[in-house]
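The structure under discussion appears below in the form of C-alpha cells.
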Amino acid sequence: MHGIRLRQKVVKANWLDYMAKRAEQAHDSALRKFFATPLPDSDTPIAQVPMAALDMETTGLDERRHAIVSIGVVPFTLDRIPLAQRRYWVLKPPRPLDEASIAYHHITHSEIATAPDLDAVLDELLEVLAGRLVVVHFRNIERPFLDAAVKARRGEGVIFPMIDTMSLEARMHRQTMLARFSRWLGRPPVSIRLNASRERYGLPVYQGHHALIDALATAELLQAQISHHYTPETRLKDIWV
Amino acid sequence: MDVELLEIRQHMGQFPPFDGLSDELLDAIAEHVQVRYYKTGSDILRFDDTLKELCYIRSGAVEVYRRQGELYNRLGEGDIFGHFSLLRNHKVRLPAKAIEDTLIYFIPNAVFQRLCEEDDDFADFVELERPRLETAAEQQKKSNDMMVTRIRKLVTRYPVMVESTTTVQQAAKQVNEAQASAVLVINEGSNNPRYSFQDSEGKTWQMCGILTDSDFRTRVVAENLSAQTAIGEVVSERLITIQSDASVYEAMLTMLRNNVHHLPVLYRQRPVGVVHLSDIIRYETQSGLYLVSNIFNQSSAQGLAKLAPDVRAAFVRMVQEGANSQMVGSALSTIGRSFTRRLLELAEEALGPPPVPYCFMVNGSMARNEQSIVTDQDNALILSDDFNPDEHDDYFHALAAFVSDGLDACGYTYCKGDVMATNRQWRQPLHIWKRYFQDWMANPTPERLLHSSIFFDLDSIYGEDHFVEALQDLIAQTAPKSPLFLAAMARNALNRTPPLGFFRTFVMEKDGKHNNSINLKRRGTAPMVDLIRVHALACGSKAQNSFQRLNDISNTQLLATGVSDKLSYALEFLCMSRIRHQVIDLQEDRFPDNNIEPENVEDSERHTLKDAFQVLSNAQKFLKFRYPVPAQRQGR
C-alpha cells in the first residue's frame, strides 16, 4: 500500500465567490450547472443545510496512478438520512484492477467489466451533489481523486467546499491542549478512523469498505458530532473546509 | 436487493416482529428507512407531536413515558416504539427519550400501514395486548393435539429381518446380536401387495411373518425341529401390524385385541421397527394416569415418598407433549389429591375408624386445581358438630400429623404459614368453621385477611364433602353483600404488582430499577389469581379454579366486555411461562423454582409476558376503583 502523497493544501477564503467564478469560466455544461447551483451562505446554521455524504472506493491512494472503482452518495440533513435517496455507482477504472484491491473492496471483475466509465455517470453525480454541502471522512481522498478524474475527462477539475468528519474528530482529539499534552507524554494518539470515531459516539459497527455504507456511516457520524460538540445553530463557516 | 441495504435488513430481520416478515416486505422497509442519531438525554418523541413514522432502535437505549412522566417502558436494540400512536390519531401519547447515545431507523407510516395490511403476525404484534396474548394462548391450545403420541416415537431401532430360507439357528443368532426379541421374515419379490415394500436399493420384498422369542420355543424347540430348519417353514401366516402414525393407545388396543405382544411398525408398507408390549408399558408408566393408580397401590408412606421422581417425570412429559396450564394444573392437583387420599386411607388403617365423621379440606392451589411442581401443603380438618375435643382430638391430631408428615416426605413441604390440619385452630367442627368465615367477612381488615384469604380457595378431598359445600354456600351468599370484605380483599390483592417488562438481560421495575430475575409466581400468577378471586367472591361464584371463576365473572356485568378473556389469556400465558421455566430447571438438573431469568426468555416470550404484565397491572387499577372502602367506614 502506498502512503498519502503530500499535496498542496486547498484553502478557500470565500467558497461562494470561488464557486461563482468557476460557474462563469466553465466550458462543460454539467460543470457549469453544478457551480451555478447556489450553496447555502457561510452563516447558515448547520440544521438548515442540505448535505450529501460522499464516499469513494479507489484502487490506491495516489490519484495520479490509481482510479475510482465505486462512489456512494447519501443526501441528508441534520434531522434525517433518507435511504430512499441513496445513489451508488460501480465504475470501470481506465487501468485493470489488481487482485489485492478486489479482496479489499468486495467488488468483483465481473461487476467492473459491465460497469460504465466515470464520464457516463458524472452528470448524474454532479446533479445529486449540486446545492448540497458534501460530507466526507478524510477529504484528501475524495477531493483530489474527483478533481483529477473530472479534469482527465472534461478538461477542467471540480473542487468544492466540504465538511470533513475526520478533521472535526481531529479537532476534538488531536488538537486540544489535553491531546497535545498526552502526545508529549508519549501516549499513542486517539484513532480518528471512521469506525473508531463512530465507536466513541455509540454508533454501531457496519461492514466497511463499501462506498455507500461508508457514506451512510459518515452521515451518521456527522449527526453525532454535531449533537455532542456543536449545536444545530453552528454556522457553516465554522465547520466547512 | 442492494448490498448496502443488507446491513439494515439483516439487523431488522433478527428482531420481532420483523423476523417473521417475507424478504419482499423486509426489502420494502430497508428501502425507505430514514436514520437519525440522538445523543444521551435528548427527546425523540415529544408529547402531542405529530408522528408519521414507526421508530426502530438500531443501537442505544430509549425510555418511553406516560404523560404524567411515569416510566412506561425501557427499550433496547431491535425494539420498536410509536406504533400505538400510528394506529390511533398520530399524536404522540407516550413521549420517548434517548437514555444512551442512540441511532433510530424511522419507518414511514405508509410502509408501516402496508406491513399491517399484508402481514397478520406483524399486525397482531403492534396491536394492543389482547391479540398477541390471544394468539399465544391459541397456539398453546393447538399444540395440545400432540397429546396423542404416535407409536413411531417408541421405535428406537430398525427391525431384524431375515429371508425365509435362513435357518432358525441363524435367525436366532441375529436376534441375539441385535438384543431384539423378534425377527421379521421376508422374501424377495412379491405376491401379496399388502406387505410388499421396496428397500433402499429399490429391490421389492414381501414381509411374510414374524417369529418371536416365544415362537422359537413353541414352534421350533417344542416341536423338536432341527436348528437347521428354514425359518419360512415355521413362521406364522398371521401377521398383525400397525402404521407408524397410529397412536400409542391404538397400538395397545391392537395388541390386546389380537393377543400379541409384538407389533411390526410400518411406514406406509415398509417395516421400520417392532414394538413390544413392554415398550408401551415403560412409556405409560411415565404418564399421570399410571402414576395415580400406582399411588393407590402403595401400602406405606415410605412407598409413596419413592414416587416423587415419577411426579416430576410426568410433569416434564406433559409439558413436552404440549399440555396447557389448565391440564398441567389439574393433573398435578389430581396427583396431589391422590397422595393425600392414600395417606388418609393408610392413617385410618393405622389409627382405626374415625370417632366422628370428618372432611379433609384442601386450600390454595390444590383446591383451585392449579397445582404446580413447586408447592407446599395447605389443608385443614372440618369435623362433625358431634366432635368433642377431649374425647376425639387425639385421634384427629394423630391423623393430621400422619398425613402432613407423609405429604412432606412426598415433596409437599410443610406450610410456612401453618395452614395445616396439625394446627389446632384449623382442626375444628363445622359450626366453628362457619363462625370463622362469618367473622372474616363481617369484620374484615386487610391485616386479618392477609393470612386467611387462602381459605377462600377451598375444596373437599376426602370424607364428608357436604361440610365443605356448606362453607362454599355460606361464602357465596355472604360475600357479594359485604362491600367492606371485598374492599379489604381487593386491597390485599394489590400487595404484589407485576414488573414493567424486560430490558436487555434484566427485569425492569416500574421505578426503572433492574433485577436479575423475577419470581413469576409472586409477580404474576399469584396477584392474578388474587384479583380473580375478589371478582369471583363479588359475583357469588362457587367455582374454585381461576379459569372457571373467570367464566362465571364473564356472565355478569362486573367487567367490561372482553376483559375476562384478556385476563384468562394473560393468566394462561403467565402460568405456562412459569411451567416452561420449571421444565428447563428440571432438565438441567436444578431444583425447580418460580424464578425466571431474562436471558432464558426468548424474544417473542418477552413481548407477550410484557403484555400479560400490562393486563395484570390494568386489572389491578380497576380493582382498586371497583371495590372502594365504603364511606361510613372511612369516616370512623
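Kindly indicate whether any position in region B:32-49 is assigned to a helix (DSSP H, G or I), more than 18 Å from B:Phe503 (Cβ to Cβ) and without any contact (Cβ under 8 Å) to a residue 40 or more places away in the chain.
Checked region B:32-49: no residue is assigned to a helix (DSSP H, G or I), more than 18 Å from B:Phe503 (Cβ to Cβ) and without any contact (Cβ under 8 Å) to a residue 40 or more places away in the chain.
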*Picking from B:Ser541, B:Ser564, B:Ser517, which residue would you name as being hydroxyl-bearing (Ser, Thr, Tyr) and closer than 16 Å to B:Ser617 by Cα?*
B:Ser564
*Positions within region B:512-536 being in contact with a Pro (Cβ under 7 Å, 6 or more places away or on another chain) and of a type in the set (A, V, I, L, M), in sequence order*: B:Ile518
*Does B:Arg368 fit the bill of being of a type in the set (Lys, Arg), surrounded by 23 or more Cβ atoms within 10 Å (Cβ to Cβ) and in contact (Cβ under 8 Å) with a residue 40 or more places away in the chain?*
yes
*Long-range neighbours under 9 Å by Cβ, at least six apart or interchain, first residue assigned by TED's automatic domain parsing to the domain that holds B:Trp205 within region B:160-182, second of a type in the set (Phe, Trp, Tyr)*: B:Met161/B:Trp205; B:Glu163/B:Trp205; B:Val168/B:Phe216; B:Ala171/B:Phe216; B:Ala172/B:Phe216; B:Val175/B:Phe216; B:Ala178/B:Tyr158
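Restricting to region B:453-468, name every residue that is in a helix (DSSP H, G or I) and under 16 Å from B:Gln428 (Cα atoms).
Across region B:453-468, the qualifying residues are B:Phe455, B:Asp465, B:His466, B:Phe467, B:Val468.
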*Please specify each residue of region B:302-331 satisfying the condition of being touching a Lys or Arg at 6+ places or on another chain (Cβ under 9 Å) and either in a helix (DSSP H, G or I) or under 21 Å from B:Asp408 (Cβ atoms) (or both).*
B:Leu304, B:Val319, B:Ser325, B:Gly329
*Give the residue, chosen from B:Arg152, B:Arg132, B:Arg114, B:Arg93, that is modelled with pLDDT of 90 or more, more than 30 Å from A:Leu221 (Cα to Cα) and either not in a strand (DSSP E or B) or not assigned by TED's automatic domain parsing to the domain that holds B:Ser564 (or both).*
B:Arg114
*Restricting the first residue to region A:196-211 and requiring it to be within 9 Å of chain B (Cβ to nearest Cβ) and closer than 21 Å to A:Leu54 by Cβ, which pairs with a second residue that is modelled with pLDDT under 85 and not in a loop (DSSP other than H, G, I, E, B) meet a Cβ separation below 7 Å and a spacing of at least six or different chains?*
A:Tyr206/B:Glu7; A:Gln207/B:Glu7; A:His210/B:Val3; A:His210/B:Glu4
_For A:Met162, only one of the following conditions fails: (1) in contact with a Ser or Thr (Cβ under 6 Å, 6 or more places away or on another chain); (2) more than 14 Å from chain B (Cβ to nearest Cβ). What is its number?_
(1)
*Here are A:Ala149, A:Ala219: which of them is at pLDDT 90 or above and in contact with a Leu (Cβ under 9 Å, 6 or more places away or on another chain)?*
A:Ala149
*Test: residue in region A:77-88 that is among the basic types (Lys, Arg), within 14 Å of another protein chain (Cβ to nearest Cβ) and assigned to a strand (DSSP E or B)*: yes
*Those residues that are in contact with a helix residue (DSSP H, G or I) (Cβ under 7 Å, 6 or more places away or on another chain) and either modelled with pLDDT of 85 or more or outside any helix (DSSP H, G or I) (or both), I need them from region B:284-295; list them, please.*
B:Gln286, B:Ser287, B:Ile295
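Just checking, how many residues over region B:230-253 are of a type in the set (Val, Ile, Thr) and surrounded by fewer than 17 Cβ atoms within 10 Å (Cβ to Cβ)?
So the answer is 1.
Residue by residue, here is whether (1) touching a Pro at 6+ places or on another chain (Cβ under 8 Å); (2) over 23 Å from B:Arg157 (Cβ atoms); (3) surrounded by fewer than 19 Cβ atoms within 10 Å (Cβ to Cβ) holds:
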| position | (1), (2), (3) |
| --- | --- |
| B:Ala178 | no, no, yes |
| B:Val185 | no, no, no |
| B:Asn191 | no, yes, yes |
| B:Ser200 | no, no, yes |
| B:Thr204 | no, yes, yes |
| B:Asp215 | no, no, no |
*Scan region B:425-477 residue by residue and report those that are crowded, with 18+ Cβ neighbours inside 10 Å and aromatic (Phe, Trp, Tyr).*
B:Trp426, B:Trp433, B:Phe437, B:Trp440, B:Phe455, B:Phe456, B:Tyr462, B:Phe467
*Which one is farthest from the other protein chains (Cβ to nearest Cβ) among residues in region B:1-26 that are surrounded by 19 or more Cβ atoms within 10 Å (Cβ to Cβ) and more than 40 Å from the chain's Cα centre (by Cα)?*
B:Leu5
*asked:* When the residues of region B:51-76 are narrowed to those that are closer than 29 Å to A:Thr231 by Cβ and of a type in the set (Lys, Arg), which ends up nearest to the other protein chains (Cβ to nearest Cβ)?
replied: B:Arg58
*Given the conditions (1) modelled with pLDDT of 95 or more; (2) within 14 Å of chain B (Cβ to nearest Cβ); (3) touching a helix residue (DSSP H, G or I) at 6+ places or on another chain (Cβ under 7 Å), which single one is not true for A:Ser70?*
(1)
*Tell me, yes or no, whether region B:27-50 has at least one residue that is crowded, with 21+ Cβ neighbours inside 10 Å, within 39 Å of the chain's Cα centre (by Cα), more than 21 Å from A:Arg198 (Cα to Cα) and more than 11 Å from chain A (Cβ to nearest Cβ).*
no
_Would you confirm, using the coordinates I've provided, whether A:Val136 is under 17 Å from A:Glu57 (Cα atoms) and surrounded by fewer than 18 Cβ atoms within 10 Å (Cβ to Cβ)?_
no
*Looking only at region B:178-219, which residues are within 16 Å of B:Thr165 (Cα to Cα) and of a type in the set (Val, Ile, Thr)?*
B:Val183, B:Val185, B:Ile186, B:Ile210
*Output yes when any residue across region B:429-447 is part of a strand (DSSP E or B) and more than 31 Å from the chain's Cα centre (by Cα), and no when none is.*
yes
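Which one is surrounded by the most Cβ atoms within 10 Å (Cβ to Cβ) among residues in region B:77-90 that are in a loop (DSSP other than H, G, I, E, B) and modelled with pLDDT of 90 or more?
B:Gly82
The values are calculated or read from the model by the stated rules, or taken from the named source; none is laboratory data. Nothing here was measured: the structure is a model prediction, and the numbers come from that model. Note that we place each Cβ from the backbone using ideal geometry, even for glycine, and neighbour counts take in every protein chain shown.
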